[in-house]
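Chemist: Here it is, the structure in full.
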Amino acid sequence: DKAELIAQELVKDPKFQAVGHRVLGEAAMARRDFTTAITELNEAQTQGVPFSSLAPLLIASYVQAGKPEQANALLSDRIAKDPNDTHSMTLLAALRAQGGKPDEAEQLLRQAIATKPKDSEPYLALARLLSREGRAQDVVKVSTDAAQAFPDDRNVALFAAVAFDTSGDSDAARSGYERILAKWPSDLVAANNLAALIADVWPNDRALLDRARQLAERFR
């Protein structure tokens, strides 16, 4: 309610109309008034807020309002106008997957990767899609490719390590977690997962158990 009151004041000033309409849209989403959210978010875009920052909110509002076909049409139209719009491809792939069309979703994500191989978002989206389908080895392949393409992306590195862990390749998973901790020592997920992995797979290796205990100490 307070955010909405502030936003109503913002839209009275031409300098702040764009952000005001965005906040009104988000407030409407919080109230589950998705029709109003769509109107306000579209107005925010008209006033200059980039579509890329509004798109996840706008697409979610269309879906929650029971209008997935409009969300599909919006994203398809943007891709038709700009074949390099990988952000819209990724969002459209999510809609396709939600609509029970994982093959179309996969095709879109692979198209996005081919279009912008230096964008990590489609890689991660594809890995998540394949993971939901239980295709562990395909997840490992995509995650490994992503880790090689984005060696300084912690999210990608973690997803790759977890993919090895889930697939049962414990040695590769341990190496992946150790590489993450060497570069990002404060990563709690990697520390927790590595300690658990060691305890499960190498319960009789005293050196590794010492390593696991040291990692687990931070959670005491």
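Chemist: Over all Cα pairs of the stretch 69-151, how is the pair count split among 10 Å bins, expressed in % and running from 0 up to the last occupied bin?
Modeler: Answer for the stretch 69-151: a P(r) of 20, 52, 25, 4 percent.
Chemist: Here's another thing I want to ask about it. Would you mind computing, in nm to one decimal, how far apart the modelled labels at A149 and F219 are, each placed 7 Å from Cα along Cα→Cβ?
Modeler: About 3.2 nm separates the two model spin labels.
Chemist: What is the local net charge at R154, summed over the other residues whose Cβ is closer than 15 Å to its Cβ (Lys, Arg +1; Asp, Glu -1)?
Modeler: Summing Lys and Arg as +1 and Asp and Glu as -1 gives -3.
Chemist: Normalising by the residue count of the chain, find the relative contact order in percent from Cα pairs under 8 Å and 6+ residues apart.
Modeler: 8 percent
Chemist: Suppose a student asked you for the relative contact order of the stretch 116-173, using Cα pairs under 8 Å spaced at least 6 residues apart; what percent would you report?
Modeler: This gives 30 percent for the stretch 116-173.
Chemist: Something else: Starting from the Cα gyration tensor of the stretch 59-108, take the square roots of the eigenvalues, sort them a ≥ b ≥ c, and report rounded, prolate or oblate (rounded when a/c is under 1.5, otherwise prolate if a/b is larger than b/c, else oblate).
Modeler: It comes out oblate by the Cα gyration axes.
Chemist: When only alpha-carbon atoms count, how far does the stretch 1-127 stretch along each of its three principal axes, as whole angstroms with the largest first?
Modeler: In descending order, the Cα extents are 45, 28, 23 Å.
Chemist: Then there's this: Considering the Cα positions of the chain, please state its Rg to one decimal place and its Dmax as a whole number of Å.
Modeler: 21.6, 68
Chemist: So what are the ³J(HN,Hα) numbers for the stretch 136-148, from phi and the Karplus equation (6.51, -1.76, 1.60; θ = phi - 60°), rounded to whole Hz, Gly and Pro as x?
Modeler: Values per residue, Gly and Pro as x: 4, 5, 5, 4, 4, 4, 5, 5, 5, 4, 5, 5, 6 Hz.
Chemist: Enumerate lysine pairs in the chain that are 8 or more residues apart or on different chains, then count those whose Cα atoms are under 20 Å apart.
Modeler: Going through the chain pair by pair, I get 5.
Chemist: Rank these by accessible area, largest first, 1.4 Å probe: K183, K118, K2.
Modeler: So, going from the largest accessible area down, we get K118, K2, K183.
Chemist: Also: Return the whole-Å distance between the Cα centroid of the stretch 152-220 and the Cα centroid of the stretch 13-48.
Modeler: Cα centroid to Cα centroid, the span is 43 Å.
Chemist: Another question, if that's okay. Run the helix sum for the chain: -39,500 (n - 2.57) per DSSP H stretch of 4+ residues, divided by residue count, reported at 222 nm to the nearest 500 deg cm²/dmol.
Modeler: Calculated mean residue ellipticity at 222 nm is -25000 deg cm²/dmol.
The values are calculated or read from the model by the stated rules, or taken from the named source; none is laboratory data. Predicted, not measured: the structure shown is a model, and the values here were computed from it. All Cβ positions, even for glycine, are placed from backbone atoms using ideal geometry, and neighbour counts span all protein chains on display. Each accessible area value is taken on the protein alone, full model and side chains, heavy atoms only, with ligands, DNA and RNA left out. Shrake-Rupley method; radii C 1.70, N 1.55, O 1.52, S 1.80 Å.
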